[in-house]
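What follows is a single structure, written as structure tokens, with notes after it.
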Amino acid sequence: MTFRYGLLFFLLLTTAGHVYAQQAPFSWEGATVYQIVTDRFSNGNSDNNGAYGRGLDGNGTPYAVDSTGHFLGGDWDGIRGWIEEGWFTRLGVDALWISAPYEQVHGWISERGGEYQHYGYHGYWALDYTEPERAFGDREAFRALVDTAHANGIRIVMDVVLNHPGRATLHDMVEFGFGGVTDPSWRTWRPSDGIWAAWEDRFVTYADSSDAWARWWGPGWIRSDLPGYEPCGEDERTLCLFELPDFRTDSRADVDVPPFLQLKWGEDKLAAEQAELDAWFAERGYPRSPGHHIIKWLTDWVREFGVDGFRFDTIKHVDLDMIQTLKTEAIGALEDWRERHPGQSPDDLPFWMVGEDWGHGVERSVYFDHGLDAMINFDFVTDIDADLDSVYTAYASARSTSPVLTYVSSHDTELFDRSRLMDAGTRLLLLPGAVNIFYGDETARPPGPAVSDPSQSTRSFMNWATPDEAVLAHWRLLGAFRDAHPAVALGTHTRLSAEPYAFHRRLDFGRNQRDDVVVVLGASDERVRLNVSRIWPDDTALRDASTGKVAIVSYGQVTFTAGPNGILLLEEIR
């Protein structure tokens, strides 16, 4: 059975033979989002492994497989299989945040010491916004993923990048005829000292080659410290982040389709894409700038497939007007898809967009005035050991004015202490506001090999064969309770007692309907008596979702004995 906000759902109470029934609308402010690095989650179709010759040198000879920086096989068919299996439903997940689905650079680079080959498996190195990344599947595989998610009451949030494309790689330079690869021995080169960074000085010429580099994106599209291009700047809008080319999203100058894409597409596709662009720009009146081209291409994914939201990467490096324009166009694109696909959307809410600005916390910022509905919250990992009631009170208070998406582990920071995931799951999944489960936190997925870039170790392959069953059961318990009770994420927060810590959440959602829950933490094997007279009248039957035990309110009091996890999750039996 699927539990979703916005649907009438029933939680069967096997202990008492009663049914708990409730109706409440879905809200992004209280969503449970599950983040997936698509390549590292589940390999549902091995036929798309090795797309574009990745993992092979220029002569087609395999490189040694590097589990840190190579594509490892995860795809959309794999994600779809786990939707159908019910993995996300049992965690109470409302939305899947997936890697950018468009085509990434074909080759590899080396960075931060150069000890490994780094491909764009994570989706942050765009090559072609108009084509699906073949390592993840084709258009129909992506459509099947979105449709399956929607049929199960789950939304799709797509990672997007407007700040930068991928860097030039040896494979792409040769394949698309740009840049300055001068030495054919690159095809079979292996560094004797294991440091891959040597390839740039060894095989590529930069001096007096502006014509060759102009055949890439072109000077009107990007900043780069390459011949013929505007150099990288020093402020947030013009710097080249991690030495990646910087899209000129501040520019309003007209540009043509980049030269390498004209070659890649060929005459037929170029003509079709150019006609679409001409019509789009004519209808909207936007300048034919780099940023507006990308906005058109990104919102095409919404219009064609019904994507429900964007997670906007590196937002502080993008012109604010572009953020608002992307949101406006995405709202219209989703409305257009819904008109053509009636009844297929899990809700009728506007398109949702959450932004990432490194270090942003629970605060009101300029992004909320330029189309953002929420921001990634970097504060909670440092707040997690603070007084819990103070944290919960603050988050409940800020939810409507400064909505955030909160995590404990992240692909950009680190994995939370694997020995503390039971406590982390409790604190995160009972948090007011929207929360983000990073894939494998619910299974205690171990980190990958340690390298010079510590974020790479956070992206190991999902540990399907070795899940921590105790951690998984705990996250499922709390995720299902959160999903069944919108008061957990959206209700008012009131402390009932300090020792053991107990609190009440209440959400009124109209038509004389409301949702009440009481949660007790830190009461392991302890008999707990609570005054609930202001919440439920005498003779109300309550159930502890953690143990399945039932008790009746009498003289305003109710008594339960907590299980070994020390948690009571009290709900009314109706």
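Numbers at a glance
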{"quantity": "Residue-by-residue Karplus 3J(HN,Hα) for the range 461-476, coefficients 6.51, -1.76, 1.60, Hz, glycine and proline x", "calculated": "6, 4, 8, 4, 7, 9, x, 7, 5, 5, 4, 4, 4, 5, 5, 5"}
{"quantity": "The chain - convex hull of the alpha-carbon atoms, volume per residue in Å³", "calculated": "151"}
{"quantity": "Stokes-Einstein diffusion coefficient of the range 75-123, Kirkwood radius over Cα pairs, 4 °C, 1.567 mPa s, in µm²/s", "calculated": "97"}
{"quantity": "Principal-axis tilt of helix 290-305 within the chain, Cα atoms, nearest 10 degrees", "calculated": "50"}
{"quantity": "Set of lysines near Lys264 by C-alpha distance (under 27 Å), chain-local residues within fewer than 8 positions excluded", "calculated": "Lys296"}
{"quantity": "For Trp186, net neighbour charge (Lys/Arg +1, Asp/Glu -1) across residues whose Cβ lies under 9 Å away", "calculated": "0"}
{"quantity": "Modelled FRET efficiency - R0 45 Å, Asp211 with Glu304, Cβ distances, 0.05 increments", "calculated": "0.80"}
{"quantity": "Rounded, prolate or oblate (a/c below 1.5 giving rounded, otherwise prolate when a/b exceeds b/c) for the range 399-452 by Cα gyration tensor", "calculated": "oblate"}
{"quantity": "Accessible surface, per residue, of the chain when the full set of protein chains is kept, probe 1.4 Å, Å²", "calculated": "37"}
{"quantity": "Highest average packing first - 415-428, 489-502, Cβ atoms within 10 Å", "calculated": "415-428, 489-502"}
{"quantity": "Cut-off under 5 Å, modelled amide H: who pairs with Val404 long-range", "calculated": "Met375, Ala434"}
{"quantity": "Charge context of Gly266, other residues only, Cβ under 13 angstrom, K/R +1, D/E -1", "calculated": "-3"}
{"quantity": "Nitroxide proxy distance, nm - points 7 Å out along Cα→Cβ at Thr393 and Ala151", "calculated": "4.8"}
{"quantity": "Between the range 123-193 and the range 344-370, the alpha-carbon center distance in angstrom", "calculated": "25"}
{"quantity": "Additional length obtainable on full extension of the chain from Arg340 to Asn512, 0.36 nm per residue less Cα span", "calculated": "58.4 nm"}
{"quantity": "Cα lying deepest toward the dipole's positive end in the range 411-522, options Trp475, Ser460, His411, charges on Cβ", "calculated": "Trp475"}
{"quantity": "Sulfur and carbon atoms: percent of accessible area, the chain [1.4 Å]", "calculated": "50"}
{"quantity": "Sequence of Leu326, Leu241 when ordered by accessible area, the most exposed leading, probe 1.4 angstrom", "calculated": "Leu241, Leu326"}
{"quantity": "Note, ³J(HN,Hα) from phi for the range 391-401, Karplus 6.51, -1.76, 1.60, rounded to Hz, x at Gly and Pro", "calculated": "5, 4, 5, 5, 5, 5, 5, 8, 4, 7, 9"}
{"quantity": "Chain lengthening between Phe242 and Leu56 when straightened (0.36 nm per residue, less Cα-Cα)", "calculated": "64.4 nm"}
{"quantity": "Distance (nanometres) between label positions extended 7 Å along Cα→Cβ at Asp321 and Thr494", "calculated": "5.0"}
{"quantity": "Under Karplus coefficients 6.51, -1.76 and 1.60, residue-wise ³J(HN,Hα) of the range 55-67 in Hz, glycine/proline x", "calculated": "x, 10, 7, x, 9, x, 8, x, 6, 5, 5, 10, 6"}
{"quantity": "Highest average packing first - 192-202, 307-317, 169-179, Cβ atoms within 10 Å", "calculated": "307-317, 169-179, 192-202"}
{"quantity": "Electrostatic dipole magnitude of the range 250-389 [Cβ: Lys, Arg +1; Asp, Glu -1; Cα centre; debye, to 20]", "calculated": "560"}
{"quantity": "Exposure rank, largest accessible area first [Ser185, Ser546; 1.4 Å]", "calculated": "Ser185, Ser546"}
{"quantity": "The chain: antiparallel DSSP beta bridges as a percent of all, rounded to 5", "calculated": "60"}
{"quantity": "Probe 1.4 Å, all protein chains present, accessible-area order of Leu96, Leu72, largest first", "calculated": "Leu72, Leu96"}
{"quantity": "Centroid-to-centroid separation of the range 412-430 and the range 457-489 [C-alpha atoms, Å]", "calculated": "10"}
{"quantity": "Segment Ala470-Glu267, extension gain: residue separation times 0.36 nm, minus the distance between their alpha carbons", "calculated": "67.4 nm"}
{"quantity": "Solvent-accessible surface (1.4 angstrom probe) belonging to Cys232, in square angstrom, nearest 10", "calculated": "40"}
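The values are calculated or read from the model by the stated rules, or taken from the named source; none is laboratory data. On a predicted model such as this, the values are computed, not experimentally measured, just so you know. We place every Cβ from the backbone using ideal geometry, glycine too, and count neighbours over all the protein chains shown. Note: accessible area is taken over every heavy atom of the protein model, side chains too, but ligands, DNA and RNA are not part of it. Shrake-Rupley method; radii C 1.70, N 1.55, O 1.52, S 1.80 Å.
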